[in-house]
1. Can you list residues whose amide H is under 5 Å from residue 50's amide H, if they're 5+ apart or on another chain and H is modeled 1.01 Å from N?
2. HN-Hα J couplings of segment 177-186 from phi, Karplus 6.51/-1.76/1.60, θ = phi - 60°, integer Hz, Gly and Pro as x?
3. Applying 1/(1 + (r/R0)^6) with R0 = 25 Å to the Cβ-Cβ distance of residue 208 and residue 171, what FRET efficiency is obtained, to the nearest 0.05?
4. Compute the distance in nm between two label points, each set 7 Å from the Cα along the Cα-to-Cβ direction, one at residue 154 and one at residue 63.
5. So how far, in whole Å, is the C-alpha centre of segment 47-75 from the one of segment 166-190?
6. How large is the Kirkwood hydrodynamic radius of segment 128-210, counting all unique pairs of alpha carbons, in Å?
7. Can you give me the Kirkwood hydrodynamic radius for segment 39-114, using every pair of distinct Cα atoms, in Å to one decimal?
8. How large is ³J(HN,Hα), in whole Hz, for each residue of segment 83-89 in order, when computed from phi with the Karplus curve 6.51 cos²θ - 1.76 cosθ + 1.60 and θ = phi - 60°, using x for Gly and Pro?
Amino acid sequence: MPLRTHVPALLLAATLVSVGCQSARAAPPTPPAPPAPSAVAEGVLQRYLSTPYGELNGLRLRDGRIVLFGPPMAQSVRAAATVGDAIRVIGHSAPDGVLHAVVVLNLTSGRRASEQPPGAPPAPRALQRLTAAGTIDAVLHGPRGEANGVLLTDGALIYFRPELASGPLSTGQPFAAIGIGTSGPHGLSIEALGVGADLADARQAASAASGIPPQPKEPPPHAH
């Protein structure tokens, strides 16, 4: 009888040990460390870039190269360098040549910008309905290589969903957009609702996307 009394207890203990071993084996592996920065660029800061909400998210060098960075770096970069300063950027280069910054160094003052702990977010700016039209100076791409933005020669920055672009985009092409965004000290930045070769095409595309037909033009007055 005592032997029978201890058998279930032994089986329960063995089961718990087995479950514990399986749990230990099922523990997720430690994620790999992020890759070390692999690209360096030096040049003169020509202008800052911003999101449609007016938040800094990048800069352009005088030689045309584009540098992007995330919100944790925005305030640090702005404090470290102003337009006209010579800077060094360390980061990761994307296939389209855009440099994703990890560190920005002011070569004159020695001030250094890098990711900072998140602080209080800046006050949101009111979005406006805006239009932009001009010539493409640079094409921006998403992580899969899809075009998702353009910088015009007049400095306007236009973001759009890849499916809005009807064909390949390249520098020198005419481009127009209608959408919402902000216009401030860092220029015009729009999230496009419709794009095209000119504003008429962009308005038609925006109307088609929203399902609202464009307003008909007033008929000319009849002569009596």
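Values in this text are rule-based calculations from the coordinates and carry no lab data. Model, not experiment: these values are computed from the prediction. Ideal geometry is used to build each Cβ from the backbone, glycine not excepted, and the neighbour counts take in all protein chains shown.
1. Here 57 satisfy the definition.
2. Taking θ as phi minus 60°, the curve returns 8, 10, x, 10, x, 9, 10, x, x, 9 Hz for segment 177-186.
3. With R0 = 25 Å, the Cβ-Cβ based efficiency is 0.40.
4. It is 3.0 nm.
5. Segment 47-75 and segment 166-190 have Cα centres separated by 15 Å.
6. So the Kirkwood estimate lands at 12.3 Å.
7. 11.9 Å
8. For segment 83-89, the Karplus curve yields 4, x, 7, 7, 10, 10, 10 Hz.
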